[in-house]
Structure formats: C-alpha cells, structure tokens
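The values are calculated or read from the model by the stated rules, or taken from the named source; none is laboratory data. Nothing here was measured: the structure is a model prediction, and the numbers come from that model. Because the Cβ atoms are built from the backbone with ideal geometry, glycine has one as well, and the counts that use them run over all protein chains shown. To get the accessible areas, we keep the full protein, side chains included, count just its heavy atoms, and leave off ligands, DNA and RNA. Shrake-Rupley method; radii C 1.70, N 1.55, O 1.52, S 1.80 Å.
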Amino acid sequence: MKKTGAEIVIECLKREGVRHIFGYPGGVILNIFDLLYDEKDIQLILTRHEQAAVHAADGYARASGKVGVALVTSGPGATNTVTGLATAYMDSIPIVVMSGQVPTKLIGNDAFQEADIVGITRPCTKHNFLVKDIKDLARIMREAFYIASSGRPGPVLIDLPKDVTGDKVPFQWPDSVRLRSYNPRYEGNKFMIKQAVNAIQKAKKPIIISGGGTVLSNAAQELRELAEVTDIPVIMTLMGLGSFPGTHRLSLGMPGMHGTYYANMAIQNSDLIIAVGMRFDDRVTGRLSDFAPNASIIHIDIDPTSIRKNVPVDIPIVGDAKKVLKILVNLLKQEKDRQWEAIRKAWLKEIQSWKKARPLTYHYSEDVIKPQYVVEKLYELTKGNAIISTEVGQNQMWAAQFYKFDKPRHWLTSGGLGTMGYGFPSAMGAQIAFPKKTVIDIAGDGSIQMNIQELATCVIYKIPVKVAILNNQYLGMVRQWQELFYNERYSHTHLDLVPDFVKVAEAYGAVGLRAEKPSEVEPVIKEALKVKDRPVFMDFIVDWKEKVYPMVPAGAAIDEMIFEEEPEKKKKKLRAVK
Amino acid sequence: MRHTISVLVENRFGVLSRVAGLFSGRGYNIESLSVGETTDPQISLMTIVTTGDDQIIEQITKQLNKLIDVIKVVDLTEVDHVEREMVLIKVAPRQEDKAEVLRLTEIFRGRVVDSSPRTYTVEITGDEKKIAAFVELMRSFGIKEFVRSGRIAIAREGIKKGK
Ligand SMILES: Cc1ncc(C[n+]2csc(CCOP(=O)(O)OP(=O)(O)O)c2C)c(N)n1
Ligand SMILES: [Mg+2]
C-alpha cells in the first residue's frame, strides 16, 4: 500500500513505540503536523521554543530510558535545536530530532528558511541524515532510532525535505537494521576481565568511579553488587549520581572540582581505580599530571575513544557496563574464602578519617536562606524520591552535593555541555514520562530566564513541574570565580533586574510562591508539593554571598582544594550532612 | 610520527566532511588526503596522511572507527606497505638548462606531459623521498606551478611487520 512520507514517518514512530513528541511547527514540516491533528496514539507537546522541545525530549529519555523525540521546522526551527543536540551529545542521551527541510529541488539555493542543518549539526550528533529519496525514508527512520539507542547512545537528526514528506511510495518496514559500518561491541574481552579480577584481588586501596554510562546501561544493580561483594567504596561523577545509592555506607559522593574532600583524597591515595562508564573529564581529574599518582586503572566503557583519551589505562575493557560488571562480579564471587571485609578495613578506616576531617558542610543561618538549606529541605520533604533536574551554575552544584540520589534516572543535569536553560524543559519532559512523580527543577535566577517561556507549555498540558529558584540576583557561579580569581571585579554578573518570579508564574496561570526567611522554606515547599495540576515557581531569596565549596581551582590537582572559611562568629551553627 | 591511514567508507555524500570535520574539530592535522571510489561503487577509500604521537594516532583511528559511515580503518604504518604519490611540475628553465631538466626527468623516470617554448610540465610518481628529491632538484630551474595528488597506499600481501 502506498503511503505519503509523512504517513511513513508517523507509522515508523508508532512502530518504535513513540507516544510523545515535543515540537514546534512551520511551513515545510506541515505534512507531518497535519497528520498529528487527528492522531490518537501519539501526542505532540507544543513547546514555546525548539530548544526547549529538544531538552524536553532529552529529559524524557534520561528519566525513562526510552528514545526522546522532537519535531521542528526548517531554518530557524532547526538551528534552535543545536544547543539541545549538543547537550544530549555531550551526555550521550538517545534522542531523535526530525527537522523539516525545503524541497529537495531547492536545497542549496538559499531558499526561504533553508539552513544546512545536517552540516551544522554534524559535530554535535552521533549521526545525522538528509533524506533525499522517499524510498530511503523508512530505513532511515529505523536506523536513526537504532543508532540513537545502541552502543554509546546519542542524538540523531533526520532532515526531511518537504517533497519527501509529501510524495507517496509503497511502505515497507525494514525487518531489521543492518549496518556494516556500525557494530557496537557489548561483550567485554574475557581475558581483560580476568586481568581486572586479578587487579582487584591485589589492590589494597581500590575505589570505583561510576559515571553516566552506568546509568545509561542500567547497570546500577551490578555496580552495587561489585561494591558490596568486594567492599570497595564508590565515587559517582556528576553524570553518575544515582548509579549507586548516595546514602550507602560505601558512597563517597562526587569527585572533582566541587566534589567531596574524601572522594578526592580517596582517588589521590588509591592504588586501583575501577572506572565504569565515565570518561575522565577535566572537571573530574583536575591537573592530569597529578591525578591519582599511585593508581592503576581499569576502564570499562562501551566507547573505545573514551579509553586512554585523557589518562593512561592499564586494563581497558570495551563493552557494555552491565554485561561486563555481571561477569566481573560472578568471577569475584567465586572467591568464597576471601575475607573482603578484613582486607578492606584499613583502607575504609583511612577514608573514614577524611570524612571526619572534612565533611560536606555549610554554615546554616537563621537570618538568611542558605541555598544548600533549600536543597536539603527538598530532599527531606520529597524523601529523596523526586526526579531532580538542574540548571547550570551554583544551583547545579548544590543540588549535586546536597540531594542524595539513591536511584538512577532521577537526576537530570547538563553535565558535559553545562547548558543554562536545560533544567526546566527537561523536567517537563521527565514529567510527561512520569505524570505521577514529583519532578523538581533546581534552578538559578539567571538560568531559569533562558527557557522561562515553557511555563506556558506546563500550564496548558497541566504539567506540574516544580521549579525551586535559588535566587541570588547573580550569575552566581561566574561571580564566585570573579571573587576568587579576578580580584572581586564583578564584571557583568549582577543581574540588575530579576523579574518578580511569583508574578511571572501567576501571569502564565501557574502558582508562584516566595520564601525570604529560612523559616518560610519548609512551608513553601510543602505548599508546592501539593499542587498537581500546574507548574509552580518557588522563589527562594538566598544569601547571594554563598559560594560552592569545596573547590578545586581550574588547573589545580584535585587534592589542592579550597574550603569555606569559618563564619566570623557565634550563633551560626555548623551543619554536617550525613 | 607520520602515519598513513587507509579508511574504507560508505560512498555517501557528507562522508568526506564527517572525516575532515573530525580532524579539524579535534585539532588533528591532515597532511594529505585522497579519496576515490573502490571497485564497489558503494564504497570509497580514503588515504589520510597525518602526524601525531602514539596516543593521538590511537585516538584518530578510534574516532574514525566511531563514525557511523566508516567501515574499516587500517593504520598502514603498522604493516608493510607501498606508498605512491604523483606530482605535476611546470618548470621554466633557461635555454641552456633545458637538456639538464630532461636528463633528470629521465633519471627519475618521469615523463614530460606538456611543453611550450618556455616550459616543460613533468609528471613524476613515487614515494615521498623520491618526490622530495626531484622537487629539490627542479627548484633551481624555476618551478612555475606545482600540484600533488596526495598520497595513496596499499598493504603488501602476506608479510606483516611485528607479529
Ligand atoms: C547557555 C549558557 N551561557 C553561559 C553559561 C556560563 N555560566 C555558567 S554558570 C553561569 C551563571 C548561572 O547563573 P544562575 O542561573 O543564576 O545560577 P547560580 O550560579 O547563580 O546558581 C553562567 C553564566 C552557561 N553555562 N550556559
Ligand atoms: Mg543566580
């Protein structure tokens, strides 16, 4: 039977199990939008900006593990997706973005709303396609979903010229995808895994560093077993938060620039690093020449390019984290008479002393709201069960430090690209995937203004995302760098005018709440959590002087940390976080 | 160190810019690049000459392999192989030097493919050293124009270096 290109697109989406698309229409993509007008099985969520549509698809994918989908028009619609694609690319998130394109005959003619989006997005997609012939359409749709979600996942863009979605051909769904040039390797090399077992047996001071790859490969259970069987402490990178329970006795929290003192000390003193699905980003390693000077490294990653890109690796294992860890754990379990606990005692004790010496703290105040206090209260009042997204800046780091993630896929943050404006739309996407869950965007007053228009989307579709704005009137993280490294010259980081977020929320028909004193924090959060039918802005007026600590200055070794000075005097209580 | 890498790719539009973009985006350097269809019209072969330490070359080959349209990557430097390049040189020797140009062309097994009252255009094929030597010799006669094809290479059958 003959189908139009647009019908083929919809049919393929259905066969891929797509239920939601985030999108924005325009001239050359109308063939598809026209079909969505009476489509029952697929809902299009009309965002207010194409960037937000892509972030929403990304949040949907991170939270659910399914491929997120966005649909936009050509030219400006397509170029607006670039930040979203780059964000997903850096964090290996499986999304498919379909963009309209001018008719094939006009391509290259500088036609109205023409942009070479395949050229523009080549370096920020895992792969992209321009469909030049409708006969290739079904195959390309299939390949796009396969490429996005297999191997090391990532965003894929499909550019759809108007005539391709308008013409008709007999539809044929390819039974399988076969790409001679793309065969991701899932099984780890057995010999290397045995080497890893040997190394783990010999190690006196081993640590595990778990990254976003553990989450993507759904390997949290296997990772936990590895840690528990061998009594090895676990450090989670920013992307790896939730891949191991943050409240676990073996958890050391996050490493690197704003990591915990004890995570960084453990790395620097370790003799073996078991790196799982992480890529030794510079924010993690600090000065490379001084990184983990005594450690040999086992590196498990599905992407061979991640291995030995930044650090020398002793035992490389290319493969899927879940599969590799399963075999590794089984081999280690066979060592029944090994007294792991006794072996590990001295090392865990040493780590404990670092934990005691410098726990993750902040100075509570009764007069002014400390941003960390807000995050702590959010954790407490949601019992650690919320899906948390963040913007970028201090808000992101405080969220990472003070919300303890026990489960994977509850933490949505732009780790690699550091995209301000990511948190709100991605929370929206996650809420679409999980309508019943509490979804909170921990935001900065600067970042939230980068996609604030999505309030409309949330109101219209009754998406009850909560946004906790840590309102410090500053581009706080940049201000922090200026204070510490640029002689307190605050060039263009004071926002001068921050809108009344309560009124903004109300203007859109959302709920707006404000807390100006520490005593108001809890009531505001409780009030917000009650709202189930619309978005809520919580405007927390926080101490603008607050900085994120500890901190490793850029270019320093990770044990060269700066800590917060003691508060000047009296009354202020030191709060340790367990 | 200099490496000659041979890359088998799907013969689709955009592949060249994916490969070139990989090099420019990651700050790797391309000394020469030549592309052509193979006997299978759906597949093209690229020969890339690049330089870098072991770690960079390892990244380059891995990153190339990661591109969806790349079928196979072989670092020919690791195997015994034959390399060739062709250059066309237009020289304008003085009257009294003309015979010498022709003589040298003969010695290097080049060919004169075009001549005018004032110039000879010489075609010469060979490996890097031979071409460099010939170009050096021609310099003193006044090179007017100079084009090179970029290097192509192929592994020798059977014998492999190392193991
Ligand atoms: C799109 C984008 N532009 C610029 C930056 C650089 N940047 C990083 S943090 C930051 C300040 C963020 O301010 P705000 O959202 O108020 O967060 P705060 O640090 O105050 O919590 C800026 C400008 C960025 N990460 N993303
Ligand atoms: Mg701010």
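Here are some notes:
- Looking only at segment B:44-71, residues that are of a type outside the set (A, V, I, L, M, F, W, C), facing chain A (nearest Cβ under 8 Å) and open to solvent by 30 Å² or more (accessible area, probe 1.4 Å) come to 5 in all.
- Within segment A:464-494, considering residues that are assigned to a strand (DSSP E or B) and open to solvent by less than 40 Å² (accessible area, probe 1.4 Å), the one nearest to ligand 2 (Cβ to nearest atom): A:Tyr474
- Meets criteria (over 30 Å from A:Ala111 (Cβ atoms), within 14 Å of another protein chain (Cβ to nearest Cβ), of a type in the set (S, T, N, Q) and open to solvent by 10 Å² or more (accessible area, probe 1.4 Å)) for A:Ser217: no
- A:Leu497 being closer than 26 Å to A:Lys436 by Cα and either surrounded by fewer than 16 Cβ atoms within 10 Å (Cβ to Cβ) or within 14 Å of ligand 1 (Cβ to nearest atom) (or both): no
- Among the residues of segment A:126-147, those identified as crowded, with 24+ Cβ neighbours inside 10 Å, of a type outside the set (Phe, Trp, Tyr) and within 11 Å of chain B (Cβ to nearest Cβ) are A:Lys126, A:Asn128, A:Ala144, A:Ile147.
- Residues in segment B:13-39 that are loosely packed, with under 15 Cβ neighbours inside 10 Å and part of a loop (DSSP other than H, G, I, E, B) were compared, and the one that is farthest from the other protein chains (Cβ to nearest Cβ) is B:Thr39.
- For segment A:230-239, the criterion of a residue being polar (S, T, N, Q) and surrounded by fewer than 24 Cβ atoms within 10 Å (Cβ to Cβ) is satisfied by no position.
- Among residues of segment A:276-333, those that are assigned to a strand (DSSP E or B), closer than 13 Å to A:Gly213 by Cα and away from every other protein chain (no Cβ under 14 Å), counted: 2
- Here A:Tyr461, A:Tyr379 are screened, and the one residue that is open to solvent by 20 Å² or more (accessible area, probe 1.4 Å), more than 16 Å from ligand 2 (Cβ to nearest atom) and within 23 Å of A:Trp544 (Cα to Cα) is A:Tyr379.
- Residues (out of contact with any Lys or Arg (no Cβ under 9 Å at 6 or more places or on another chain) and either under 10 Å from B:Pro93 (Cα atoms) or not assigned by TED's automatic domain parsing to the domain that holds B:Glu106 (or both)) located in segment B:119-138: B:Met138
- For segment B:129-147, a residue qualifies if it is exposed (fewer than 15 other Cβ atoms within 10 Å of the Cβ) and under 23 Å from B:Arg2 (Cα atoms), and the qualifying residues are B:Lys129, B:Ala132, B:Ala133, B:Glu136, B:Phe146, B:Val147.
- For segment A:95-119, the set of residues classified as surrounded by fewer than 16 Cβ atoms within 10 Å (Cβ to Cβ), among the charged types (D, E, K, R), at negative phi and not in a helix (DSSP H, G or I) consists of A:Asp116 only.
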